[in-house]
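Written out below as structure tokens is the structure these notes cover.
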Amino acid sequence: MNSSALASIDLRPPISSLVIGALSAAFFFWLAAVSFTTGKHPAATLGTTLCFVALGLMALPMVADYFFARHRLSDDAIDFGRRFGGRGTMRWADVRLVRFSPTMKWFVLEDQARTRARVSTALAGLPEFARLVLAHVPPEAIDKKTHKLLVDASLGRRPRVWL
């Protein structure tokens, strides 16, 4: 990193994502245990138990995001974390594509080697991320819709989560 005016900035999920993910997983795993142990009830079938286990597993990515999907920004690059571990670094100058995924509610950055970094709109520090992308990523790498969302995010207006 150069000795620019910007100290590194951390992007991290809010504590609420950990709480919601952990409570949801615990609730559905508890229901699965109750369903499995009270098998005499007609509604408590193996299918019901497996359904509750599946719902509990679906909550675990929120917990994983809290611990692993943390990013550090500088004037030169983004050091990014992935949902299920692993880290990477992408220099702003190497970014060849920035797009917004409306389904997943995250920005996707892709470099020359097709490495992808995903930045959720729920992360604390999103305005700083948007300002750095707008300042350092080549303009031709950002489509018009994503550019507008980044400008809004840089002003503190997050993309809408719900339709």
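Couplings 3J(HN,Hα) of region 82-89, computed from phi: 9, 3, 10, x, x, 10, x, 10 Hz, in residue order, whole Hz [Karplus 6.51 cos²θ - 1.76 cosθ + 1.60, θ = phi - 60°; x for Gly and Pro]. What label, among (i) 66, 32, 30; (ii) 61, 30, 28; (iii) 82, 28, 20, belongs to Cα extents along the principal axes in Å computed from the structure on display? Computed from the coordinates, Cα extents along the principal axes in Å corresponds to (i). Extending 7 Å from the Cα toward the beta-carbon at both Ala64 and Glu140 defines two label points whose distance is 3.7 nm. Each helix, a run of at least 4 DSSP H residues, gives -39500 (n - 2.57); summed and divided by the residues of the chain, these come to -14000 deg cm²/dmol at 222 nm. Longest stretch of the chain clear of exposed loop sites (chymotrypsin sites (Phe, Trp or Tyr not before Pro), DSSP loop, at most 12 other Cβ atoms within 10 Å, sites excluded): 1-83.
Annotation: amide H of Asp143 within the under-5 Å range of Val98, sequence separation 5 or more or interchain, hydrogens built in the peptide plane. Close amide H partners of Leu11, meaning residues 5 or more places away or on another chain with modelled amide H under 5 Å apart, are His71, Arg72, Leu73. Counting neighbouring beta carbons within 10 Å and listing from fewest to most, the residues Ile15, Ile20, Ile78 come out as Ile15, Ile20, Ile78. FRET efficiency for the pair Ile15 and Ala54, taken as 1/(1 + (r/R0)^6) with r the Cβ-Cβ distance and R0 = 25 Å, rounds to 0.45.
Going through the DSSP H helices of the chain, which span 18 Å or more along their own axis at the Cα atoms while scoring at least 0.0 as a mean Kyte-Doolittle hydropathy? Helices passing the filter in the chain: 15-37, 46-68. Inter-part distance, region 45-65 to region 86-163, computed on C-alpha centroids, equals 30 Å.
Throughout, read-outs are computed from the coordinates displayed, never taken from laboratory work. Predicted model only: the values in this text are computed from it and were never measured. Note that each Cβ is placed from the backbone with ideal geometry, even for glycine, and that neighbours are counted across all protein chains shown.
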